[in-house]
Amino acid sequence: MTVPGPLTLPSIASLNNVSLQAQLTALINNKTKPLGALGQLESVALQLGMIQNSVQPSLSEPQICVFAADHGLTRHGTSAYPSAVTAQMVHNILAGGAAISVFARQHQIALQVVDAGVATNLPKHPQLLNHKIRLGSRDALSEPAMSDDECKAALTTGMAIVSQLPGNVLMVGEMGIGNTSAASLLLARLGKLPIQECVGRGTGLDDAGLRHKEHILTQVLARHTQAQSPFSALAALGGLEMAMMVGALIQAASQRRVLLMDGFIAGVALLVAEQLAPGVRQYAVFAHQSAEPGHQHLLRLLAAEPLLQLQLRLGEGSGAALAYPLLQSACLFLSEMASFATAGISEQAAP
């Protein structure tokens with residue numbers, strides 16, 4: 001599929017191998033357990049096998065990319081924290097002190113931070129990729145958050161980053177004060193939902209702050225009524241880090257990588273990716289349901305069943321990292337768990 005200008009998105013293979021699905025289902029059903037006893041882990045194992053086109057899926061060199069950028073809209077008081085916190089938190093991640101840093105170490109997941117548009121210049125660091133498009137997005141209340149060229153550059157960069165990564169599992173996270181506003185705007189526009197159902201407290205707004213955020217976002221949507229297509233909505237309402245995430249997800253799906261999805265903001269990036277390049281969603285395993293109210297609506301739109309319910313609302317890819325061991329378990333039970341025949345155990349009697 002093409003979007004305005006000289007950008008062509010890669011094609012996404014459909015996971016419709018009926019024969020493989022039947023083989024995987026038979027393998028799962030004949031493990032030494034009651035039928036369906038491993039619950040959602042069984043559907044994850046089936047999905048991983050379909051993605052990898054194998055009856056013995058395995059995970060290798062998992063990657064977390066945290067995309068960071070600032071948002072011009074925050075000048076209207078839509079966040080409980082100032083924009084300076086974006087750069088400060090990037091430093092914290094790179095220093096190993098953020099939640100995602102801890103969880104990535106725990107599960108031996110490679111972690112990189114991508115500067116997509118932090119509103120200050122960051123010092124070099126081995127885990128920092130500098131792909132800054134501009135110093136933060138524009139104020140979406142008065143103009144599009146990104147020009148078409150900037151949005152295309154962010155999409156292309158996200159694709160290029162993933163094309164150079166090893167491994168077959170991608171997790172995307174984000175760091176950017178104001179990005180719950182951008183995600184809420186995109187969900188409302190592309191999901192055709194009232195903005196009031198998409199807006200949450202983000203980093204901790206009180207009731208008055210939440211009402212103000214809803215008021216500002218309502219005006220932003222009215223300002224950009226012409227931005228109805230996935231690309232134009234992303235450019236007008238989104239953010240630089242979100243556009244890079246969209247490109248990263250599309251590229252990863254085109255390479256048949258497993259997309260282990262985090263929460264609200266990463267999920268909205270997936271919604272945009274699916275509408276730009278249909279088929280991306282097939283490759284997504286949903287780690288958890290966020291405490292952000294809009295995430296419940298998003299999961300319904302994507303027909304997604306999350307693995308965990310932990311009331312997380314942190315972002316950074318933290319929920320995806322926490323869920324990664326469940327994907328490992330899905331692969332291992334499929335490859336190592338005995339069948340009734342190999343274990344010499346009688347199967348359930350037919351009714």
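The values are calculated or read from the model by the stated rules, or taken from the named source; none is laboratory data. Just so you know, these numbers come straight off a predicted model, no measurement behind them. Neighbour counts run over all protein chains shown; Cβ positions are idealised from the backbone, glycine included.
See the values below:
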{"item": "Unique residue being over 15 Å from the mean Cα position of the chain (by Cα) and either buried (at least 24 other Cβ atoms within 10 Å of the Cβ) or in a loop (DSSP other than H, G, I, E, B) (or both) when the list is Gln219, Gln226", "result": "Gln226"}
{"item": "Ala80 vs. criteria in contact with a Leu (Cβ under 6 Å, 6 or more places away or on another chain) and closer than 18 Å to Ala182 by Cβ", "result": "yes"}
{"item": "So Gly36, is it in the same structural domain as Gln255 (by TED's automatic domain parsing), in contact with an Asp or Glu (Cβ under 7 Å, 6 or more places away or on another chain) and of a type outside the set (Lys, Arg)", "result": "no"}
{"item": "Region 229-248 - residue that is touching a strand residue (DSSP E or B) at 6+ places or on another chain (Cβ under 6 Å) and part of a helix (DSSP H, G or I) and, of those, surrounded by the fewest Cβ atoms within 10 Å (Cβ to Cβ)", "result": "Phe231"}
{"item": "Thr74 among the β-branched types (Val, Ile, Thr) and in contact (Cβ under 8 Å) with a residue 24 or more places away in the chain", "result": "yes"}
{"item": "Failed condition for Leu298, given (1) buried (at least 22 other Cβ atoms within 10 Å of the Cβ); (2) closer than 18 Å to Leu35 by Cα", "result": "(2)"}
{"item": "Leading residue by the ranking (nearest to Val172 (Cα to Cα)) among those in region 321-343 that are surrounded by 16 or more Cβ atoms within 10 Å (Cβ to Cβ) and under 21 Å from the mean Cα position of the chain (by Cα)", "result": "Ala321"}
